[in-house]
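Engineer: Structure incoming, see below.
The values are calculated or read from the model by the stated rules, or taken from the named source; none is laboratory data. Computed from a predicted model, the values in this text were never measured in an experiment. As a convention, Cβ positions derive from the backbone with ideal geometry for all residues, glycine included, and neighbour counts pool all protein chains shown. SASA here: full protein model, heavy atoms, side chains in, ligands and nucleic acids out. Shrake-Rupley method; radii C 1.70, N 1.55, O 1.52, S 1.80 Å.
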Amino acid sequence: MAYNFNKIEKAWQKKWQDDKIFSVSIDTQKPKFYVLDMFPYPSGAGLHVGHPLGYIASDIYSRYKRLKGFNVLHPMGYDAFGLPAEQYAIQTGQHPAKTTDKNISRYREQMDQLGFSFDWDREVRTCDPKYYHWTQWMFLELFEHWFNKNNNKAESISNLILILEKEGNKNLKAACNPKTPQVGAEEWNSMEENQRLEFLQNYRLAYQDETFVNWCPKLGTVLANDEVKDGLSVRGGHPVEQKKMKQWLLRVSAYAQRLLDGLEKIEWSDSIKEIQRNWIGRSEGATVHFSIKDRKEKLEIFTTRPDTLFGVSFMVLAPEHEWIGLITTDAQKDEVENYILQTKKKTERDRISDVKNVSGAFTGAFCIHPFTGEEIPVWIGDYVLGGYGTGAIMAVPGHDQRDYDFAKNFNLPIREVVEGGNLAEEAFEAKDGVLVNSDFLNGLRVPEAIKKMNQELEGGKKGEPRINFRLRDAIFSRQRYWGEPIPIYYKDDAPYPLPKDKLPLELPPVDSYLPTEDGEAPLGRAKDWNFKTGEPYELTTMPGFAGSSAYYLRYMDPHNKNDLVSKEANQYWENVDLYVGGSEHAVGHLIYSRFFNKFLFDIGKVCKDEPFKKLINQGMIQGRSNFVYRKKGTNSFVSHGKVKDHEVTTLHVDVNIVQNDQLDLEAFKSWREEFKNAEFILEDDGTYLCGNAVEKMSKSLFNVVNPDLIVKDYGADTLRLYEMFLGPIEQSKPWNTSGIEGVSRFLHKVWRFCFEEDDSLSLNDEKATAAELKILHTAIKKVEEAIETFALNVGVSSLMICLNDLTKEKAKKKCLIKPFLILLSSFAPHISEEIWARLGETESVCKAEFPKWEKSFLVENTYTYPISINGKKKFLKEISLDLQKEDIEKVALEDEKLQSLLEGKTVRKVIVVPKKIVNIVI
RNA sequence: GGCUUUGUGGCGGAAUGGUAGACGCGCUUGAUUCAAAAUCAAGUAUCUUCGGGUGUGAGGGUUCAAGUCCCUCCGAAGCCACCA
């Protein structure tokens, strides 16, 4: 009987589930290994062939690690809060929990048929109150902590209160709101409770503040910076504008330096590390204080080039800068107000696309240069950003291109203070050159000049060295329904944390999922939703990243009712050894997770300060779309080769009715009602050829390949092998079903190798020969190396080569097949398990031991080495090189074949690399 | 503009500095078959006077030896970006 994959796969999946073969528990006798996939958001569309790529890779690795004797934690769950379910709810009135449940069952079904080795007893869902209990708990912990810069650690707020009671905040080094006022102990002690609560918001790691936020009118909510790209929302692509609102935020910026330093200790790809470094955006420089003429305030600016201070010819404030109203002279008032109005109208997107157009306005005010006493005009311009640094800059047009463009446009002076550029053409930005026209800096090179200036600034109290980060605090409020409620209630308009024994604060039912009439978040519709009468709950909910930031911890101890994770479980499982997921989470999830983990580390909840030791980013499997060309204004369709003769519109066509770019005409006619009477202009050979392109796999482009169909036609094992065989895991590549025949053939060959036509075993008990052992051990070594280095495509190839070689040797021996099946079992578990059982094994192949390869079988100590004779390279094979340098020279010269070649010639040079290569030059 | 990655047959892709193109797809030929599918076998970079020569985006360099390391240029992908 032939290889009946459908029957075999169903049977083993059931058996694995019934026997709970992949459920794990703490076992201190075994080393642990934690393999995690980024859990999916269960969308209504189900899985396409691209989704399982990462899951297959991590599953192969998990199975391999089990064979190697590790106690492997390999869980799966669902990131179940999110916009699509809520939007569906708005349209249909169906509760998002219902939609989500339905989608989850579908996901589970699709995953189950691929034979993954997940421990489903540990499943988590972020929308489950038993789970978000702990998301809310973490929020409260953040609320009750502040960041002490003296030891770079989070500390409890009660600690901070003790300090404030004793000496106020004058000696405090903390991550806080830059506008925090200075208070003394007396002042603090005399504050009312409400005032104190408000004051502490400046320090809390979860705090409330009125800030400019990314407001998306279309989605009706606020978005975090990583949810916005080029002025459009990442989800949906709707325009985003800046709006001032009161919001909950997380003080992620407090951890900027530690998030940066931590990157050195983890095995992530250079590109992801680089993206995170960019996002954190550390820049070293200095702040400089400029007095304002005729006023007592001092304008503080940030610069990375304090050495160019003598080149300042004007100042520029961001249009949002709070002092603009204060300092603008009456004469300039109209112009300035007009300009501010204009910039407000521009969305972020316009501002970006408008980079080339320089704009600004003069305030009429002047600053005093801290060293020369010169009067410097103060301008405003939208090339200065309100949110970065101090929202104000000193402009050095000679050595900064943006300042240069501004100066040229408004005819402001340009001064040279570093030699080497051509200021008639452009600014000289290189940090390399000698200072001129700069008083005490003259003659110094740039790096020394920076040092010297920093000393002068500090000494004269005119400024100080400063490190700035681009990383912003994360906005944590969403005006939505389908998310975790924020566990805060209000008394006299002041926010209070919900007592922890009242958690979880469950989502209340509402009659509609839209905002209320007076513009409040949907939770404003909940009836009688108060902590106590007159003490309403916070109405915004948490963003998507809240539930996904620490889910890896919950898997360690998913049913714990008293704690996020027990000490015991955390100390055993520590952190994730291998994390597999897409690179699109480089700045969102992967930064927030690291932030949460570092905080939990500070408060002693977890034992490792990085969550994910090693990260693999699987590439995307793209779709291959097909097009048909409709002749304009008609219902006739032109084949690809004839398109140039007609005026056509291009339409996507379902790839499932196209084979090798050839359209199935009948299927096309019945695909859509409107194509029922379609006519065709065909190629000369009578076929209709479609156009094609590689695009994202998406329902709307009709290029989705459903894994269910592949499993039905070829089996899960074939799909698993093929997805790995497609190419390097980290690379994006288009799906192409035609190559799948190859791996399918391989599995059929494995089956035929073991069984006769009548299904009887065709393997014997003979001992293996040396040649056969070499084949086997080569495969063991290669497969092991391939899995360890995640070159899974090479791993599949090695298995194929092994089978081909064994077939050629006619080595139908049990002692060879058994280790081969263990190697195969990580990739194609079902077929391996079936043959393993038919060989009489009673224990699952998953519990077997990964075979060890032995050097002696690989004839490692012989090597092919090249000899150059008269400039031509020759190779001699199989000469023992397991020798010392001198011996190799001797052997090389004593070798018979060599001697015949060398006869009558003079050896000029012998080059020897021990145990490797010998090259003899004649 | 900056950073990161990348460039190898018709295609997907292999090659610890050591015989480039493993493995698979596709294609060609043959066996089997009434025929087809499936299967099996052989071949498949390129030029060649059949000795061999040339080939990993282009050009240099290091080395006995370069797809691999270094420099310059060209192309592709991704990320960041009026961040002072």
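Engineer: Of all helices (runs of 4 or more DSSP H) completely enclosed by segment A:527-608, which ones contain at least 2 residues that are touching a helix residue (DSSP H, G or I) at 6+ places or on another chain (Cβ under 7 Å) and among the small types (Gly, Ala, Ser)?
Structural biologist: A:544-548
Engineer: Kindly provide the set of residues from segment A:6-15 that are closer than 14 Å to A:MET111 by Cα and surrounded by 18 or more Cβ atoms within 10 Å (Cβ to Cβ), ordered by number.
Structural biologist: Step one: list which residues in segment A:6-15 are closer than 14 Å to A:MET111 by Cα, which gives A:9-10, A:13-14.
Those that are closer than 14 Å to A:MET111 by Cα and surrounded by 18 or more Cβ atoms within 10 Å (Cβ to Cβ): A:GLU9, A:GLN13.
Engineer: Restricting to segment A:677-691, what's the tally of residues that are open to solvent by 60 Å² or more (accessible area, probe 1.4 Å) and touching a Lys or Arg at 6+ places or on another chain (Cβ under 6 Å)?
Structural biologist: The qualifying residues number 0.
Engineer: Can I ask one more? So A:GLY168 ticks every box in (1) in contact with a Phe, Trp or Tyr (Cβ under 6 Å, 6 or more places away or on another chain); (2) under 28 Å from A:LEU471 (Cβ atoms) but one. Which box is left unticked?
Structural biologist: The number of the failed condition is (2).
Engineer: Exactly one condition in (1) in contact with a Ser or Thr (Cβ under 6 Å, 6 or more places away or on another chain); (2) open to solvent by 10 Å² or more (accessible area, probe 1.4 Å); (3) modelled with pLDDT under 95 is not met by A:LYS98; state its number.
Structural biologist: So the condition that A:LYS98 fails would be (1).
Engineer: Can you tell me which of A:SER105, A:SER117 is small (Gly, Ala, Ser), modelled with pLDDT of 95 or more and touching a strand residue (DSSP E or B) at 6+ places or on another chain (Cβ under 9 Å)? Full working, then the answer.
Structural biologist: Values: A:SER105 fails: touching a strand residue (DSSP E or B) at 6+ places or on another chain (Cβ under 9 Å).
Only one candidate passes the filter, namely A:SER117.
Engineer: Do you know which residues across segment A:789-803 are open to solvent by 30 Å² or more (accessible area, probe 1.4 Å) and under 20 Å from A:PHE753 (Cα atoms)?
Structural biologist: Of everything in segment A:789-803, those that are open to solvent by 30 Å² or more (accessible area, probe 1.4 Å) and under 20 Å from A:PHE753 (Cα atoms) turn out to be A:SER797, A:MET800, A:ILE801.
Engineer: Given the criterion over 30 Å from A:VAL396 (Cβ atoms), open to solvent by less than 30 Å² (accessible area, probe 1.4 Å) and either within 15 Å of RNA strand B (Cβ to nearest atom) or assigned to a helix (DSSP H, G or I) (or both), identify the matching residue among A:LEU263, A:LEU219, A:LEU249.
Structural biologist: On inspection, the qualifying residue turns out to be A:LEU263.
Engineer: Ok, one more. Among the residues of segment A:45-57, is any open to solvent by 20 Å² or more (accessible area, probe 1.4 Å) and farther than 26 Å from A:PRO728 by Cβ?
Structural biologist: Yes: segment A:45-57 contains one or more residues that are open to solvent by 20 Å² or more (accessible area, probe 1.4 Å) and farther than 26 Å from A:PRO728 by Cβ.
Engineer: If you don't mind, another one. Name the single residue, out of those in segment A:476-496 being open to solvent by 10 Å² or more (accessible area, probe 1.4 Å) and touching a strand residue (DSSP E or B) at 6+ places or on another chain (Cβ under 6 Å), that is farthest from A:GLN195 (Cα to Cα).
Structural biologist: Here the answer is A:ARG480.
Engineer: Here is a follow-up. Check off (1) under 27 Å from A:GLU320 (Cα atoms); (2) of a type outside the set (Asp, Glu); (3) more than 13 Å from RNA strand B (Cβ to nearest atom); (4) surrounded by fewer than 21 Cβ atoms within 10 Å (Cβ to Cβ) for A:PHE371 and give me the number that stays unchecked.
Structural biologist: (1)
Engineer: Restricting to helices (runs of 4 or more DSSP H) lying wholly in segment A:720-832: which have 1 or more residues that are within 11 Å of RNA strand B (Cβ to nearest atom)?
Structural biologist: In segment A:720-832, A:740-754, A:770-788, A:792-809 are the helices (runs of 4 or more DSSP H) which contain 1 or more residues that are within 11 Å of RNA strand B (Cβ to nearest atom).
Engineer: Could you say whether any residue in segment A:500-521 is among the small types (Gly, Ala, Ser) and buried (at least 19 other Cβ atoms within 10 Å of the Cβ)?
Structural biologist: Yes, segment A:500-521 has at least one match.
Engineer: Sticking with this structure for a sec: For segment A:673-718, how many residues are of a type in the set (D, E, K, R), modelled with pLDDT under 85 and either touching a helix residue (DSSP H, G or I) at 6+ places or on another chain (Cβ under 8 Å) or part of a loop (DSSP other than H, G, I, E, B) (or both)?
Structural biologist: 5
Engineer: From the list A:ARG251, A:ARG295, which residue is among the charged types (D, E, K, R) and within 29 Å of A:THR372 (Cβ to Cβ)? Before you say what the answer is, go through the steps one by one.
Structural biologist: Details: A:ARG251 fails: within 29 Å of A:THR372 (Cβ to Cβ).
It is A:ARG295.
Matching residues to (1) over 15 Å from A:TRP268 (Cα atoms); (2) of a type in the set (A, V, I, L, M, F, W, C); (3) at pLDDT 95 or above:
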{"position": "A:GLU568", "(1), (2), (3)": "yes, no, yes"}
{"position": "A:GLY581", "(1), (2), (3)": "no, no, no"}
{"position": "A:GLU584", "(1), (2), (3)": "no, no, no"}
{"position": "A:ILE603", "(1), (2), (3)": "yes, yes, yes"}
{"position": "A:LEU615", "(1), (2), (3)": "no, yes, no"}
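Engineer: On to the next question. Within segment A:401-411, how many residues are open to solvent by less than 30 Å² (accessible area, probe 1.4 Å) and either touching a residue at least 24 places away in the same chain (Cβ under 8 Å) or more than 12 Å from RNA strand B (Cβ to nearest atom) (or both)?
Structural biologist: Summing the residues that are open to solvent by less than 30 Å² (accessible area, probe 1.4 Å) and either touching a residue at least 24 places away in the same chain (Cβ under 8 Å) or more than 12 Å from RNA strand B (Cβ to nearest atom) (or both) in segment A:401-411 gives 3.
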